[in-house]
Amino acid sequence: MVISDKLKQCRKNKNMTQQDVADKLHVSRKTVSGWENGRSYPDINMIVLLSDLFDVATDDLIRDDRMLSYYEDQDRQNKRYSKVVRASYVINILLLIVSYLHTFYIRGFHSSIMSFLLIVNICILLTLYGNWSKFKRKWLLGKLVGVLIIGFSINILLNYFNRVFLMAFSNSDLSTALGIIIGKVLIDLFMAVSWVGVIFLNPFLVSNGSDFKK
(Lines give C-alpha, C1' and ligand atoms only; values in the text may rest on other atoms or scores of the structure.)
Protein backbone atom coordinates (compact mmCIF):
# COMPACT_ATOMS: atom_id res chain seq x y z
CA MET A 1 0.00 0.00 0.00
CA VAL A 2 1.51 3.32 -1.06
CA ILE A 3 1.69 6.24 1.36
CA SER A 4 -1.10 8.17 -0.39
CA ASP A 5 -3.52 5.29 0.18
CA LYS A 6 -2.33 4.93 3.78
CA LEU A 7 -2.97 8.59 4.51
CA LYS A 8 -6.43 8.40 3.02
CA GLN A 9 -7.26 5.24 4.97
CA CYS A 10 -5.89 6.67 8.22
CA ARG A 11 -8.01 9.78 7.78
CA LYS A 12 -11.15 7.74 7.15
CA ASN A 13 -10.41 5.54 10.16
CA LYS A 14 -10.38 8.68 12.28
CA ASN A 15 -13.63 9.89 10.67
CA MET A 16 -11.89 13.08 9.58
CA THR A 17 -12.33 15.15 6.44
CA GLN A 18 -9.43 16.51 4.42
CA GLN A 19 -10.27 19.93 5.85
CA ASP A 20 -10.06 18.52 9.39
CA VAL A 21 -6.54 17.23 8.69
CA ALA A 22 -5.55 20.50 7.04
CA ASP A 23 -6.77 22.51 10.04
CA LYS A 24 -4.87 20.29 12.49
CA LEU A 25 -1.62 20.54 10.54
CA HIS A 26 -2.04 24.19 9.53
CA VAL A 27 -1.83 23.44 5.81
CA SER A 28 -4.33 23.89 2.99
CA ARG A 29 -6.92 21.26 2.09
CA LYS A 30 -5.37 21.21 -1.41
CA THR A 31 -2.08 20.08 0.15
CA VAL A 32 -3.78 17.19 1.94
CA SER A 33 -5.62 16.27 -1.26
CA GLY A 34 -2.29 16.23 -3.09
CA TRP A 35 -0.82 13.81 -0.57
CA GLU A 36 -3.77 11.45 -0.87
CA ASN A 37 -3.81 11.57 -4.67
CA GLY A 38 -0.07 11.00 -5.00
CA ARG A 39 0.57 14.37 -6.62
CA SER A 40 2.91 15.35 -3.77
CA TYR A 41 4.35 13.83 -0.62
CA PRO A 42 4.65 15.10 2.97
CA ASP A 43 8.17 15.79 4.22
CA ILE A 44 9.64 13.98 7.21
CA ASN A 45 8.38 16.60 9.68
CA MET A 46 4.85 16.22 8.33
CA ILE A 47 5.16 12.43 8.51
CA VAL A 48 5.82 12.77 12.23
CA LEU A 49 2.85 15.12 12.69
CA LEU A 50 0.61 12.82 10.65
CA SER A 51 1.65 9.79 12.70
CA ASP A 52 0.72 11.69 15.89
CA LEU A 53 -2.56 12.86 14.42
CA PHE A 54 -3.60 9.39 13.25
CA ASP A 55 -2.10 7.53 16.23
CA VAL A 56 0.07 5.29 14.03
CA ALA A 57 3.82 4.76 14.03
CA THR A 58 5.84 6.67 11.44
CA ASP A 59 7.23 3.29 10.37
CA ASP A 60 3.71 2.10 9.61
CA LEU A 61 3.08 5.11 7.39
CA ILE A 62 6.26 4.48 5.42
CA ARG A 63 6.30 0.69 5.27
CA ASP A 64 3.65 -1.56 3.69
CA ASP A 65 3.66 -4.53 6.06
CA ARG A 66 1.40 -4.72 9.12
CA MET A 67 -0.80 -1.92 7.79
CA LEU A 68 -3.55 -4.11 6.36
CA SER A 69 -4.32 -5.90 9.63
CA TYR A 70 -4.09 -2.61 11.51
CA TYR A 71 -6.62 -0.93 9.23
CA GLU A 72 -8.93 -3.93 9.38
CA ASP A 73 -8.88 -3.82 13.19
CA GLN A 74 -9.47 -0.07 13.15
CA ASP A 75 -12.34 -0.46 10.72
CA ARG A 76 -14.03 -3.06 12.94
CA GLN A 77 -13.59 -0.86 15.99
CA ASN A 78 -14.97 2.17 14.15
CA LYS A 79 -18.02 0.21 13.03
CA ARG A 80 -18.74 -0.92 16.58
CA TYR A 81 -18.24 2.63 17.84
CA SER A 82 -20.57 3.98 15.15
CA LYS A 83 -23.27 1.52 16.21
CA VAL A 84 -23.01 2.68 19.83
CA VAL A 85 -23.25 6.34 18.80
CA ARG A 86 -26.27 5.77 16.56
CA ALA A 87 -28.01 3.62 19.17
CA SER A 88 -27.50 6.34 21.80
CA TYR A 89 -28.93 8.96 19.43
CA VAL A 90 -32.04 6.89 18.63
CA ILE A 91 -32.56 6.06 22.31
CA ASN A 92 -32.30 9.78 23.09
CA ILE A 93 -35.20 10.50 20.72
CA LEU A 94 -37.31 7.68 22.15
CA LEU A 95 -36.64 8.70 25.75
CA LEU A 96 -37.47 12.33 24.93
CA ILE A 97 -40.85 11.28 23.55
CA VAL A 98 -41.48 9.02 26.54
CA SER A 99 -40.48 11.84 28.90
CA TYR A 100 -43.29 14.03 27.58
CA LEU A 101 -45.72 11.15 28.06
CA HIS A 102 -44.35 10.81 31.57
CA THR A 103 -44.63 14.54 32.27
CA PHE A 104 -48.32 14.74 31.39
CA TYR A 105 -49.34 11.29 32.60
CA ILE A 106 -50.74 10.57 29.13
CA ARG A 107 -52.97 7.49 29.32
CA GLY A 108 -51.93 7.19 32.94
CA PHE A 109 -48.32 6.58 32.01
CA HIS A 110 -45.83 7.69 34.65
CA SER A 111 -42.46 6.28 35.60
CA SER A 112 -39.74 8.33 37.26
CA ILE A 113 -37.11 5.95 35.87
CA MET A 114 -37.69 7.50 32.42
CA SER A 115 -36.28 10.85 33.49
CA PHE A 116 -33.24 9.12 34.98
CA LEU A 117 -32.65 7.14 31.79
CA LEU A 118 -32.98 10.30 29.68
CA ILE A 119 -30.34 12.08 31.78
CA VAL A 120 -27.94 9.12 31.66
CA ASN A 121 -28.32 8.63 27.91
CA ILE A 122 -27.91 12.31 26.97
CA CYS A 123 -24.74 12.40 29.13
CA ILE A 124 -23.44 9.39 27.18
CA LEU A 125 -24.24 11.02 23.85
CA LEU A 126 -22.54 14.27 24.90
CA THR A 127 -19.48 12.28 26.00
CA LEU A 128 -19.28 10.46 22.66
CA TYR A 129 -19.38 13.73 20.76
CA GLY A 130 -15.87 14.89 19.92
CA ASN A 131 -16.03 18.07 17.88
CA TRP A 132 -17.11 20.74 20.35
CA SER A 133 -14.53 23.11 18.88
CA LYS A 134 -16.82 23.79 15.93
CA PHE A 135 -19.20 25.60 18.28
CA LYS A 136 -16.55 28.29 18.66
CA ARG A 137 -18.21 29.74 15.59
CA LYS A 138 -20.53 32.36 17.05
CA TRP A 139 -23.45 31.74 14.69
CA LEU A 140 -23.47 28.01 15.44
CA LEU A 141 -23.06 28.55 19.18
CA GLY A 142 -25.90 31.07 19.00
CA LYS A 143 -28.16 28.50 17.35
CA LEU A 144 -27.30 25.90 19.99
CA VAL A 145 -27.96 28.30 22.88
CA GLY A 146 -31.16 29.46 21.15
CA VAL A 147 -32.49 25.90 20.88
CA LEU A 148 -31.58 25.27 24.52
CA ILE A 149 -33.36 28.42 25.73
CA ILE A 150 -36.42 27.89 23.55
CA GLY A 151 -36.71 24.22 24.53
CA PHE A 152 -36.34 24.99 28.20
CA SER A 153 -38.86 27.86 28.01
CA ILE A 154 -41.42 25.68 26.26
CA ASN A 155 -40.98 22.94 28.84
CA ILE A 156 -41.46 25.43 31.68
CA LEU A 157 -44.53 26.91 29.97
CA LEU A 158 -46.06 23.45 29.54
CA ASN A 159 -46.07 23.03 33.30
CA TYR A 160 -48.91 25.56 33.49
CA PHE A 161 -51.06 23.11 31.52
CA ASN A 162 -50.01 20.09 33.56
CA ARG A 163 -52.88 19.44 35.95
CA VAL A 164 -51.08 16.67 37.83
CA PHE A 165 -48.07 18.90 38.48
CA LEU A 166 -50.21 21.86 39.54
CA MET A 167 -52.28 19.71 41.91
CA ALA A 168 -49.16 18.20 43.48
CA PHE A 169 -47.65 21.65 43.85
CA SER A 170 -50.77 23.30 45.34
CA ASN A 171 -51.43 20.47 47.81
CA SER A 172 -47.90 20.42 49.23
CA ASP A 173 -46.27 22.34 52.04
CA LEU A 174 -43.57 24.90 51.27
CA SER A 175 -40.54 22.57 51.49
CA THR A 176 -42.19 19.83 49.46
CA ALA A 177 -43.39 22.33 46.85
CA LEU A 178 -39.87 23.73 46.57
CA GLY A 179 -38.49 20.23 46.04
CA ILE A 180 -41.10 19.56 43.34
CA ILE A 181 -40.19 22.79 41.53
CA ILE A 182 -36.44 22.13 41.65
CA GLY A 183 -36.89 18.57 40.42
CA LYS A 184 -39.20 19.65 37.60
CA VAL A 185 -36.88 22.47 36.50
CA LEU A 186 -33.94 20.06 36.32
CA ILE A 187 -35.93 17.57 34.27
CA ASP A 188 -37.11 20.36 31.96
CA LEU A 189 -33.51 21.48 31.53
CA PHE A 190 -32.28 18.00 30.59
CA MET A 191 -35.19 17.61 28.18
CA ALA A 192 -34.04 20.86 26.54
CA VAL A 193 -30.48 19.50 26.38
CA SER A 194 -31.94 16.37 24.80
CA TRP A 195 -33.47 18.57 22.08
CA VAL A 196 -30.01 20.03 21.47
CA GLY A 197 -28.74 16.48 21.01
CA VAL A 198 -31.52 15.65 18.55
CA ILE A 199 -30.85 18.73 16.41
CA PHE A 200 -27.07 19.17 16.58
CA LEU A 201 -25.62 15.72 17.36
CA ASN A 202 -27.15 13.64 14.60
CA PRO A 203 -24.63 10.92 13.60
CA PHE A 204 -26.79 9.86 10.64
CA LEU A 205 -26.05 13.10 8.78
CA VAL A 206 -23.03 12.92 6.50
CA SER A 207 -21.90 16.38 7.59
CA ASN A 208 -21.83 15.27 11.23
CA GLY A 209 -20.32 11.87 10.72
CA SER A 210 -16.82 13.02 11.58
CA ASP A 211 -17.97 14.78 14.75
CA PHE A 212 -18.01 11.57 16.77
CA LYS A 213 -14.45 10.48 17.43
CA LYS A 214 -12.87 8.08 19.86
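The values are calculated or read from the model by the stated rules, or taken from the named source; none is laboratory data. The model shown is predicted, which means the values in this text are computed figures rather than measured ones. So basically every Cβ, Gly included, is an ideal-geometry build from the backbone, and we count neighbours across all protein chains shown.
Things worth noting here:
- Segment 194-204: number of residues that are surrounded by 15 or more Cβ atoms within 10 Å (Cβ to Cβ) and in contact (Cβ under 8 Å) with a residue 60 or more places away in the chain: 7
- Listed by first and then second residue, the pairs with beta-carbon distance under 9 Å, at least 6 apart or on different chains, first residue in segment 178-193 and not assigned by TED's automatic domain parsing to the domain that holds I93 and loosely packed, with under 14 Cβ neighbours inside 10 Å, second aromatic (F, W, Y) and assigned to a helix (DSSP H, G or I), form an empty list.
- Residue list for segment 153-171, filter: surrounded by 12 or more Cβ atoms within 10 Å (Cβ to Cβ), within 27 Å of N121 (Cα to Cα) and among the aliphatic types (A, V, I, L, M): I154, I156, L158
- Helices (runs of 4 or more DSSP H) completely within segment 116-201 that count 3 or more residues being closer than 22 Å to S88 by Cβ, modelled with pLDDT of 85 or more and under 18 Å from the mean Cα position of the chain (by Cα): 138-158, 174-200
- A22 meets all of the listed conditions (1) surrounded by fewer than 17 Cβ atoms within 10 Å (Cβ to Cβ); (2) part of a helix (DSSP H, G or I); (3) at pLDDT 90 or above but one, namely (1).
- Set L148, L140, L174: member being over 20 Å from H102 (Cβ atoms) and either exposed (fewer than 10 other Cβ atoms within 10 Å of the Cβ) or not assigned by TED's automatic domain parsing to the domain that holds Y100 (or both): L174
- D73 surrounded by fewer than 17 Cβ atoms within 10 Å (Cβ to Cβ), out of contact with any helix residue (DSSP H, G or I) (no Cβ under 9 Å at 6 or more places or on another chain), at pLDDT below 90 and outside the structural domain of S133 (by TED's automatic domain parsing): yes
- Hits in segment 1-54 (condition: of a type in the set (F, W, Y) and under 18 Å from N131 (Cα atoms)): F54
- Looking across segment 25-45 at every residue that is part of a helix (DSSP H, G or I) and touching a Leu at 6+ places or on another chain (Cβ under 7 Å), the one that is surrounded by the fewest Cβ atoms within 10 Å (Cβ to Cβ) is identified as L25.
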